[in-house]
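The next block holds one structure in the form of C-alpha cells; read it before the comments.
The numbers here are math on the coordinates, done by the rules we state, and not lab data. If you're wondering where the values come from, they're calculated on a predicted model, not measured in any experiment. Virtual Cβ from ideal backbone geometry, glycine too; neighbours counted across all protein chains shown.
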Amino acid sequence: MNARSCLKWALLLLCALAPAPAGAFPDKNIEFVVGYPPGGGYSDWALAIAPFIQKHLPKKVNVVVRHMPGAASVIATHYLHKAKPDGHIIGIYEMAGLAVTQLVREVQYDLRQVTWLAGIAVDNRIALVSAKGPYQSILDFKKQDKPEYLAATRGLSEINAILTAMTFARMGVKWKPLNHDGASKALLSVIRGDADINLSAYESVQQYIRNGDLRPLLYFDTQRHPDLPGVPIPAEVGMPEFGGLSSPRLLGAPPRLPAEVRKVLEEAIKRAVADPEFLAVVAKVKKTATYANSREAEEAVRATFDAYRPYLGIVKQMVETDEKK
C-alpha cells in the first residue's frame, strides 16, 4: 500500500471514530409532552418509554416528560402543533378524542399535518358495570327498566362519553351522564352503584376486573380479547361497525419535521419498543406494547377520522353540550 492509500484510509478511520458534529440532532434535551396529568394511561406510557428513547438516540441527551393537562389533551396538541419542528419536542397523542374534536370544532391543530413517528400501543375500550349489579349483558340495557340509565363520565367531549352516546344511540337506549373529575372517581361510582355503566380504556381498568369489582360487558374490537374470552365484541351484539373504534397511542412531532431528524427519532422509538428492558417494564404493569411504523401510524389517523365521521351529529351534540356547561 502506497503513502497516498495509507493517508486515505487513515482519514476515513478518523472520520468514523470522530464524534458527531456539535449541531447534529439531537443537540439538546428532548421535551416529551403529555396532554394529561400524571397517573393516567398516557402519562404511564410516556414515562415508561422516554428512558428507552433516550437510550437509543445517537447522542447523549435527556428525554424529559412534561405534563400539560387541559381540555382533554387539546391544549398540549395546540402547543405541539405550533412548536419549532426541530425534533426537540415530541408528544403522545390521544387520537380518538383529538380526531372527533377536530371534526366538530375549530382547533389550532390538524392531525393530518402532524409528523407521525410511530405507534406504541392500541387502546381498546370496554363497557363496565358493577360486579354486584344486575347487568349480565350489554343487551340488558335495551330493557330500559329505568327512565334513564346513568353513565359515569368525565365530561361529555371526552372520547369515552362520546362512545357511550354512540353505543346507546345505536341500541335505542335512554341515558344521561354522571360527570366526575377523574377516571378513578368515575369507576368508583359504578362500583358503588351510583352509576350504571362506564366505558374506559381496557388497560387502565384491568385491576378492577381482576379483583372482581367490575364486570366487563363489551370489548370494542374485531375479535375477543384473549384475557376476556367470555366478553363479546360489538359484531356479536349487532353493532359490527363499532369494532374498530379503538384509540391508538401514537407518537408524533410538529408538522414539517426535517426528514433526517424524523429518521433519527423513528429509529430510536423502534429500538425502544423492541428493547427487552422496556418490554419487561410494560409487562410488569400488565400493558402490551404494539409497535407501528410511521406509515402505519398515518393510516391509523385516517382510519380514526373515517370511523367517527358517520356519527358527527352525536359527536357535535356532546361537544356543544359540554362547552355550554
- Note on the structure: For V65, other-chain or 5+-apart residues with amide H closer than 5 Å (H placed, Pro excluded) are F32
- Span from the the range 126-168 Cα centroid across to the the range 278-307 one, whole angstrom: 27
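Which net charge results when you count Lys and Arg as +1 and Asp and Glu as -1 among the other residues whose beta-carbon is under 14 Å from that of S73?
Values: positive: R66, R105, R154, R249; negative: E94, D123, E158.
Result for the local shell: +1.
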- State the Kirkwood hydrodynamic radius of the chain in Å, one decimal place, computed from all pairs of distinct Cα atoms. 21.2
- Quick one: longest stretch of the chain between exposed loop GluC sites (Glu not before Pro), exposed meaning at most 15 other C-beta atoms within 10 Å and loop per DSSP? 149-325
- Note on the structure: For R302, the net charge from surrounding residues (Cβ-Cβ under 12 Å; K, R +1; D, E -1) works out to -1
- Task: Starting from the Cα gyration tensor of the range 219-325, take the square roots of the eigenvalues, sort them a ≥ b ≥ c, and report rounded, prolate or oblate (rounded when a/c is under 1.5, otherwise prolate if a/b is larger than b/c, else oblate).
- Result: oblate
